[in-house]
Amino acid sequence: NVLKRASLSVANGIKPYMDRLSNELRMLASNNNSGVTVAERLTYVAELTDKIEEYNIIIERWIKLRRGELNLTIENFAIQGLFDIIAKGEQAFAMKHLTLCVVPTNAVVKADKALTLFMINTLVDNAAKFTPSGGIVELSAVEGEGFVEVAVKVMVVYILKVAVLAAQDNITFLCHER
C-alpha cells in the first residue's frame, strides 16, 4: 500500500510540470510573451522538459523495481552533479515566490545515482510545497566520518506584531523577528 502511494505520488508530481509546459508552448505559439523574451521562455521549456524526464526515469525505475527487474548501479560519484540538476529547478521556485539555495559541495557518495537524485528531489519538492511565499529552501551536504548527510533546510522570516501605536496619521509597528 505504501509503495502504491509512493508510485502515485511520483506520477502525480509530473502533472504540474506538464501543465506549465503546455502553457509555455501555448504562449510561444500565440506570440503572447507579455514582457518575457522568447529565449527566456525556451530556457524555461528546457528546464520543464528536463524535470519531466527526471520523473519519467524515476517512474521507469519504480516499474522495474515492482517487476524485480531493477538492477541498482552502485557507484562513487560527486553529489554536486545531482545538486546541479536540482538547481535547474530554480525558475519553478521563483514562480512560487521562493528562493532555492544550493550550497556547493565536494562530497563523494557511493550509491545508485538515479535513486539518490529521486531522494534529494523528493526532499526539495516537499520543502517547496510546505514553505510559505518568501521562504528560502537550502540544499546542502555535510561530510561526516564515513557518511554524507544531505540536508534540506527551510528558512522563513516570521514577523510578529507585538504592539501598534497610533498617533494621529502615524502608525508604528513594533516587530520582533523569529
* Structure fact -> Going through the stretch 130-139 in order, the residues found to be within 22 Å of Y55 (Cα to Cα) and open to solvent by 60 Å² or more (accessible area, probe 1.4 Å) are F130
* **Within the stretch 70-129, considering residues that are under 12 Å from the mean Cα position of the chain (by Cα) and small (G, A, S), the one surrounded by the fewest Cβ atoms within 10 Å (Cβ to Cβ)** => A94
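Among the residues of the stretch 53-79, which ones are part of a helix (DSSP H, G or I) and more than 28 Å from V148 (Cβ to Cβ)? Talk me through it step by step, then tell me what you get.
Our first condition is that a residue be part of a helix (DSSP H, G or I); within the stretch 53-79, this holds for 53-67.
Selection gives I63, R66, R67.
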* To do: Determine the pairs where a residue that is under 14 Å from M95 (Cβ atoms), located within the stretch 29-42, has a partner that is open to solvent by less than 80 Å² (accessible area, probe 1.4 Å) with Cβ atoms under 6 Å apart, the partner being 6 or more residues away or on another chain.
  => R41/E24; R41/L28
* To do: Report, by residue number, each residue of the stretch 44-57 that is more than 15 Å from the chain's Cα centre (by Cα) and touching a residue at least 24 places away in the same chain (Cβ under 8 Å).
  => V45, N56, I57
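The values are calculated or read from the model by the stated rules, or taken from the named source; none is laboratory data. Just so you know, these numbers come straight off a predicted model, no measurement behind them. Virtual Cβ from ideal backbone geometry, glycine too; neighbours counted across all protein chains shown. Just the protein is used for accessible areas: all its heavy atoms, side chains included, with ligands, DNA and RNA removed. Shrake-Rupley method; radii C 1.70, N 1.55, O 1.52, S 1.80 Å.
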